[in-house]
Amino acid sequence: MMETESPALAHRTDLIDLASFDGRRTAELCSDYLEKCGLETAIFDEGSLQTFVFFTKPAANVKVQVQEKDYDQAVTRLIEFEKEHPKLVPFIYSCPECGSFAVEYPQFSRKFFSFLLIEWMSSLGAFPKRCYCRKCHSTWPRGHRTEINPLHLERHPDMFVPPPA
Ligand SMILES: [Zn+2]
């Protein structure tokens, strides 16, 4: 049976992506935490995009979004959330180079129509799928951290984090 997509799971253009999660449960817990701190959040699941466009098993597909003005505070709260829930750290993506939560997987543009050929070649192995950091533009093979990324605390809150392409 098809799951009816709730409007609450739409990708909202008035908010920005805070972080990517494996699994909706962790994203929901994080979203609840941020809401309790007074921040507006939304959850977006791009699992079907990853499955049907990028031909990949969904990973890092559940996004928590926040208001742009709240972004810096939300990052601080998300680090607190990780400290309170160390068992959930493996489900939250962060960059091994800069500690940012602004991670996409796979690394390809979401404006997929012009890039469809690249996606297809990738599915044939020409380009390996990797995680991508919107902040420092690093890419790395997908994997799970088992402990809090120590680089979170060295982040530069004033550095611009571009929205997903
Ligand atoms: Zn980075």
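The values are calculated or read from the model by the stated rules, or taken from the named source; none is laboratory data. Because the structure is predicted, anything quoted here is derived from the model rather than measured. Virtual Cβ from ideal backbone geometry, glycine too; neighbours counted across all protein chains shown.
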Can you name the condition, by its number, that GLY47 falls short on among (1) in contact with a Ser or Thr (Cβ under 9 Å, 6 or more places away or on another chain); (2) modelled with pLDDT of 80 or more; (3) more than 24 Å from CYS98 (Cα to Cα)?
(1)
Identify, by number, the condition in (1) under 17 Å from CYS133 (Cα atoms); (2) among the aromatic types (Phe, Trp, Tyr); (3) in contact with a Lys or Arg (Cβ under 8 Å, 6 or more places away or on another chain) that PHE101 doesn't meet.
(3)
Which members of the stretch 81-108 meet the condition of being within 16 Å of the ligand (Cβ to nearest atom), in contact (Cβ under 8 Å) with a residue 60 or more places away in the chain and out of contact with any helix residue (DSSP H, G or I) (no Cβ under 7 Å at 6 or more places or on another chain)?
TYR93, SER100, ALA102, VAL103, GLU104, TYR105
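Results for (1) in contact (Cβ under 8 Å) with a residue 12 or more places away in the chain; (2) outside any helix (DSSP H, G or I); (3) more than 16 Å from the ligand (Cβ to nearest atom); (4) among the hydroxyl-bearing types (Ser, Thr, Tyr), shown as yes or no for each residue.
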position	(1), (2), (3), (4)
GLN65	yes, yes, yes, no
ASP70	yes, no, yes, no
THR76	no, no, yes, yes
ILE79	yes, no, no, no
Being part of a loop (DSSP other than H, G, I, E, B) and over 17 Å from GLU104 (Cβ atoms), is that true of even one residue in the stretch 46-53?
no
On the basis of being surrounded by 15 or more Cβ atoms within 10 Å (Cβ to Cβ), at pLDDT below 95, among the aromatic types (Phe, Trp, Tyr) and more than 20 Å from ARG110 (Cα to Cα), does TYR71 make the cut?
yes
